[in-house]
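Shown next, in structure tokens, is the structure this report addresses.
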Amino acid sequence: MTRKDRTEGIFSRREVLDATERQKYYQIQLKELLSYAYRYSEDVKKRFDRAQFSVEKFRDLIDLKHVPILKKKELIFLQSMGPRLGGLLTKDLGELRRVFLSPGPIFDPEDRGDDYWGWTESFYAAGFRSGDLVQNTFNYHMTPAGLMFEEPLRQLSCAVVPTGPGNTGSQLDIMKKLRVTGYVGTPSYLMHLAQKGEEKGLNLRKDLYLEVAFVTGEKFSEKLRSTLEKKFDLIMRQGYGTADVGCIGYECFHKNGLHIANRAYVEICHPDTGFPLKDGEVGEIVVTAFNKTYPLIRLATGDLSYIDRASCPCGRTSPRLGTIVGRVDTTARIKGMFVYPHQVEQVISSFEEIKRWQIEVTNPGGIDEMTLLIETSGFKREEELLHMFREKIKIRPALKILTPGTLPPQIRFIEDKRNWD
Ligand SMILES: [Zn+2]
């Protein structure tokens with residue numbers, strides 16, 4: 001198989017719908033899902049009724065914003081509320097194929113249809129092709145990862161070595177003896193395999209036969225990608241998803257963001273209000289997978305990103321998520337402390353001479369530094385402000401006083417400029 005085979009081609013026609021077709025496709029899928037879920041999921045019915053949302057009101061994609069957001073952490077509570085995972089499921093547990101348990105703890109149901117988790121187009125885009133022998137290093141127990149990432153390989157007629165994680169020595173032996181062509185796992189574990197292989201005196205390009213790698217589950221730098229691609233002489237692409245819904249987005253050969261999976265409708269929303277934001281604005285990824293068995297409508301993932309609709313040379317027309325810029329709940333973790341915007345707001349509210357504020361977090365030399373930017377004129381209570389800040393938030397920031405109008409009109413209260421490379 002030549003390398004060129006892995007860089008081109010489209011798995012499904014849904015990936016190349018034109019703008020009008022795509023709009024229509026989303027509308028039809030969402031309408032069907034909303035109607036079905038309202039009818040068969042007790043929990044959905046309750047939530048729609050409580051929000052006074054009737055499915056007839058859904059005419060255009062923008063109408064989805066009237067459906068209340070479902071926070072991931074609510075699932076833990078909801079699932080304990082009775083049969084069918086608290087009424088979230090539209091069928092009985094015995095009618096499913098599998099039920100997993102992921103950290104939280106949250107149950108993750110898997111129904112019986114093909115490509116339930118929806119990763120097949122993602123694996124194809126990453127470069128997996130029929131006839132590949134693939135080592136899957138994700139865990140096969142309890143959590144869905146192992147079996148979830150085996151499914152697309154079966155769909156694409158690849159063979160799998162289900163190694164799961166660990167046993168690095170054996171993993172390398174297997175790769176060498178069986179001439180494994182594909183890797184599935186985390187980027188850091190692939191790096192670990194590379195290091196251990198080199199320590200053993202393996203020539204990763206000559207003694208091993210890896211040509212393609214699908215990675216997920218971790219943030220990684222472009223530097224790590226290019227290091228691994230060079231070390232093994234392979235193509236490494238990433239996917240993005242969750243244990244609840246499966247695939248949400250994936251990279252194509254051109255690696256310019258994550259094409260939104262055609263099995264889902266994705267919104268970028270304000271983390272507090274759940275209101276959809278404009279293209280390019282950073283907000284929380286809110287996903288609605290077209291899954292009638294387990295209809296998690298408007299599930300807020302806790303991950304922050306933005307939407308990019310520029311065309312991609314690969315020909316796929318789905319909008320893309322930019323990089324995952326952080327977590328809603330951890331972007332404000334500074335020097336090990338959680339800093340929430342509303343706490344800062346409470347402190348600032350005692351100083352009416354402060355018009356606007358923003359917190360900037362950097363990490364020069366790997367150490368967190370927090371700067372409190374305030375817009376004010378003739379401010380004289382600096383020590384008092386810093387003292388109160390320290391009392392309430394347990395961190396003493398550097399203070400930067402700006403003349404009113406300096407900060408851009410739309411800001412994130414906590415601007416995380418830390419560099420993790
Ligand atoms: Zn593309």
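In degrees from 0 to 90, rounded to the nearest 10, what is the angle of the helix 382-393 Cα long axis to the longest principal axis of the chain? It is inclined by approximately 40 degrees. For the chain, the share of alpha carbon pairs falling in successive 20 Å distance bins from zero is 24, 51, 24, 1 percent.
For K57, the lysines whose Cα falls under 30 Å of its own Cα, not counting residues fewer than eight places away in the same chain, are K24, K31, K45, K46, K65, K71, K72, K73, K91, K278, K292. Through the Karplus equation 6.51 cos²θ - 1.76 cosθ + 1.60, θ set to phi - 60°, convert the phi angles of segment 346-363 into ³J(HN,Hα) values in whole Hz; use x for Gly and Pro. These are the phi-based 3J(HN,Hα) values: 4, 5, 4, 5, 7, 10, 5, 6, 8, 7, 9, 8, 7, 10, 10, 10, 10, 9 Hz.
Note on K394: lysines with a C-alpha under 25 Å away, same-chain residues under 8 apart excluded, are K335, K355, K380, K417. The relative contact order of the chain comes to 13 percent, based on Cα pairs under 8 Å that sit 6 or more residues apart. Among P83, P144, P152, the residue with the largest mean-square fluctuation in a Gaussian network model of the chain, with springs joining Cα atoms closer than 10 Å, is P83. Rounded to the nearest 10 degrees, the inclination of helix 145-155 to the longest alpha-carbon principal axis of the chain is 50 degrees. About its Cα centre, the dipole of the chain is roughly 460 debye, where the only charges are +1 on Lys and Arg Cβ and -1 on Asp and Glu Cβ.
Result for the chain in a Gaussian network model with C-alpha springs under 10 Å: among D115, D63, D132, the largest mean-square fluctuation is at D63. Other residues with beta-carbon under 14 Å from the beta-carbon of L407 carry, at +1 per Lys or Arg and -1 per Asp or Glu, a net charge of +1. The long axis of helix 168-177 is offset from the longest Cα principal axis of the chain by roughly 40 degrees.
Go ahead and set up a Gaussian network model of the chain, Cα springs under 10 Å, then flag whichever of A159, A289, A398 fluctuates most. Of the options given, A398 has the highest mean-square fluctuation.
No lab work stands behind these numbers, since they all come straight from the coordinates. Bear in mind that the values here come from a model prediction, so they are computed numbers and not experimental data. Note that we place each Cβ from the backbone using ideal geometry, even for glycine, and neighbour counts take in every protein chain shown.
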